[in-house]
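Accompanying notes for the structure given below.
The values are calculated or read from the model by the stated rules, or taken from the named source; none is laboratory data. Here the structure is a predicted model, which is why all the values come from computation and not from measurement. With ideal geometry, Cβ positions are generated from the backbone for all residues, glycine too; neighbour counts draw on all protein chains shown. Calculation scope for accessible area: heavy atoms of the full protein, side chains included, ligands and nucleic acids excluded. Shrake-Rupley method; radii C 1.70, N 1.55, O 1.52, S 1.80 Å.
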Amino acid sequence: MPKASSLLEDRALVSGGSGFLGSHLCDRLIARGQNVLCVDNLFTGQKRNIEHLLDHKKFEFLRHDVTFPLFVEVDQIWNLACPASPIHYQHDPVQTTKTSVHGAINMLGLAKRLEAKILQASTSEVYGDPTIHPQTEDYWGNVNPIGPRSCYDEGKRCAETLFFDYHRQHRLRIKVMRIFNTYGPRMHPNDGRVVSNFIVQALKGADITIYGDGKQTRSFCYVDDLIDGMIRLMDTSDDVTGPINVGNPREFTMIQLAETVLKLTGSKSKLVRLPLPDDDPKQRQPDITRARNTLRWEPKVGLEDGLKETIAYFRTILAT
Ligand code: NAD
Ligand code: UDP
């Protein structure tokens, strides 16, 4: 007979479950037989991301803001709720910090009462504009505490602090994942992130907006790889807390990304220069040694293959 606790281990709460990453995570958890409670206030999430799950007997949607306490019964918590694109998280910066900090406190409190395992979707932004390259998990970061990106960066850093304090103080089983730039189908077409911007601009024949000189770099991970890493992390033994970088170490300049998008879409759009936003990190590349060793994980999808899937998705969205 399986233990009572393992019979119940399958009830997952996904906060931010109707967002880009959250909706893919819900799909994967349902596919492996778990019951999923998707909790989202639909600030940046979209109903269409989870429409196909709404009638599934193992799926439930709850419209709720994680800055308020929540009383439900689950076995594991995936805390993804937080706007992730600069345009969205700077729209209401106070609410962004509240979502990270109060949201973490509420989700950690819930995990404590239920003795549930909890995973935090943290970010490479905890490294700020990094002075070491590539970024390893033991680097403490170079973050401006009072700039326009601080509501997100410092909110996520404080959430990590809370996770580790709940772990030390209350023996909570935590998993902290530092996600690097991820892209794929179901990104919001207007969220201002570079991959969605360039693809939508290319498909519409509009100018491709390069911020600054376009020589700043990012490393782009396809969503399927990222979700695979996330699930592997949650499945590790209790002694694995992270933080752990998950991302694709292949690094590109924004000019290279724009040229690749133009090639794959066959678009004749022109590149235009716009001012670089304040505090925009110059370079970013994850050191994924820890993920390789601990999770036996590394990304499999190359940029061109991932972009093709994403372009196909945006073609459909724009057509409708
Ligand atoms: P997203 O904006 O598509 O999803 C975030 C979801 O959280 C949305 O559905 C939104 O409605 C919901 N949400 C926001 N505030 C909420 C609140 N107060 N209460 C309840 N729900 C709320 O972004 P995403 O790319 O899917 O990011 C998911 C998580 O991963 C975020 O925590 C983000 O910080 C993290 N992350 C993402 C990336 C990336 O490249 N996509 C990189 C680093 C970290
Ligand atoms: N960027 C750009 N053009 C755009 C949108 C973004 O050149 O239309 C740049 C932006 O300045 C940054 C990089 O692309 O250097 C990645 O931006 P994004 O907002 O996707 O992610 P983040 O800066 O949070 O890594």
Those residues of region 40-62 which are touching a strand residue (DSSP E or B) at 6+ places or on another chain (Cβ under 7 Å), closer than 29 Å to Thr97 by Cβ and without any contact (Cβ under 8 Å) to a residue 40 or more places away in the chain amount to Leu42, Ile50, Glu60, Leu62
Considering only region 217-235, state which residues are in a loop (DSSP other than H, G, I, E, B) and in contact with a strand residue (DSSP E or B) (Cβ under 7 Å, 6 or more places away or on another chain). Phe220
Among (1) touching a helix residue (DSSP H, G or I) at 6+ places or on another chain (Cβ under 7 Å); (2) at pLDDT below 95; (3) part of a loop (DSSP other than H, G, I, E, B); (4) open to solvent by 40 Å² or more (accessible area, probe 1.4 Å), there is one condition Asp279 misses while meeting the rest; what is its number? (1)
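Yes/no per residue for (1) touching a strand residue (DSSP E or B) at 6+ places or on another chain (Cβ under 6 Å); (2) without any contact (Cβ under 8 Å) to a residue 12 or more places away in the chain; (3) closer than 23 Å to Arg290 by Cα:
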position: Gly109; (1), (2), (3): no, no, no
position: Ser122; (1), (2), (3): yes, no, yes
position: Glu125; (1), (2), (3): no, no, yes
position: Asp129; (1), (2), (3): yes, no, yes
Output the qualifying pairs, or none if there are none: Cβ atoms under 9 angstrom, residues six or more apart or on different chains, first residue in region 260-276 and more than 20 Å from Leu303 (Cα to Cα) and exposed (fewer than 14 other Cβ atoms within 10 Å of the Cβ), second residue modelled with pLDDT of 95 or more and polar (S, T, N, Q). Val272/Thr209; Arg273/Thr209; Leu274/Thr209
Residues of region 157-171 being open to solvent by 10 Å² or more (accessible area, probe 1.4 Å) and either touching a residue at least 12 places away in the same chain (Cβ under 8 Å) or within 17 Å of the chain's Cα centre (by Cα) (or both), in sequence order, are Arg157, Cys158, Glu160, Leu162, Phe164, Tyr166, His167, His170
Return a yes/no flag: does region 241-257 have any residue that is assigned to a helix (DSSP H, G or I), open to solvent by 20 Å² or more (accessible area, probe 1.4 Å) and not small (Gly, Ala, Ser). yes
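Does Pro243 satisfy being more than 21 Å from Asp279 (Cβ to Cβ), in contact with an Asp or Glu (Cβ under 7 Å, 6 or more places away or on another chain) and either more than 9 Å from ligand 2 (Cβ to nearest atom) or of a type outside the set (A, V, I, L, M) (or both)? I'd like the intermediate steps shown before the answer.
Details: more than 21 Å from Asp279 (Cβ to Cβ): yes; in contact with an Asp or Glu (Cβ under 7 Å, 6 or more places away or on another chain): yes; either more than 9 Å from ligand 2 (Cβ to nearest atom) or of a type outside the set (A, V, I, L, M) (or both): yes.
Yes: the conditions hold for Pro243.
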Any idea which of Lys47, Lys98 is among the charged types (D, E, K, R) and either crowded, with 19+ Cβ neighbours inside 10 Å or farther than 19 Å from Met187 by Cα (or both)? Lys98
Hey, could you check region 190-230 for residues that are over 21 Å from the mean Cα position of the chain (by Cα), away from ligand 2 (no atom under 11 Å from the Cβ) and over 20 Å from Gln46 (Cβ atoms) and say which is most open to solvent (accessible area, probe 1.4 Å)? Gly205
Complete set of residues in region 172-189 that are more than 12 Å from ligand 2 (Cβ to nearest atom) and either within 12 Å of the chain's Cα centre (by Cα) or at pLDDT 95 or above (or both): Leu172, Arg173, Ile174, Lys175, Val176, Met177, Arg178, Gly184, Pro185, Arg186
Picking from Asp280, Asp239, the residue that is more than 16 Å from the chain's Cα centre (by Cα) and within 16 Å of ligand 1 (Cβ to nearest atom) would be Asp280
Restricting region 63-89 to residues that are surrounded by fewer than 17 Cβ atoms within 10 Å (Cβ to Cβ) and in contact (Cβ under 8 Å) with a residue 60 or more places away in the chain, the one farthest from ligand 1 (Cβ to nearest atom) turns out to be Glu73
Quick check on Asp27: is it more than 18 Å from Gln120 (Cβ to Cβ), open to solvent by 30 Å² or more (accessible area, probe 1.4 Å) and in a loop (DSSP other than H, G, I, E, B)? no
Out of all the residues in region 179-201, is one or more over 23 Å from Leu264 (Cβ atoms) and part of a strand (DSSP E or B)? yes
Inter-residue pairs, beta-carbon under 7 Å, first touching a residue at least 12 places away in the same chain (Cβ under 8 Å) and at positive phi and in region 179-204, second part of a loop (DSSP other than H, G, I, E, B) and within 12 Å of ligand 1 (Cβ to nearest atom), 6+ apart: Gly192/Ser85
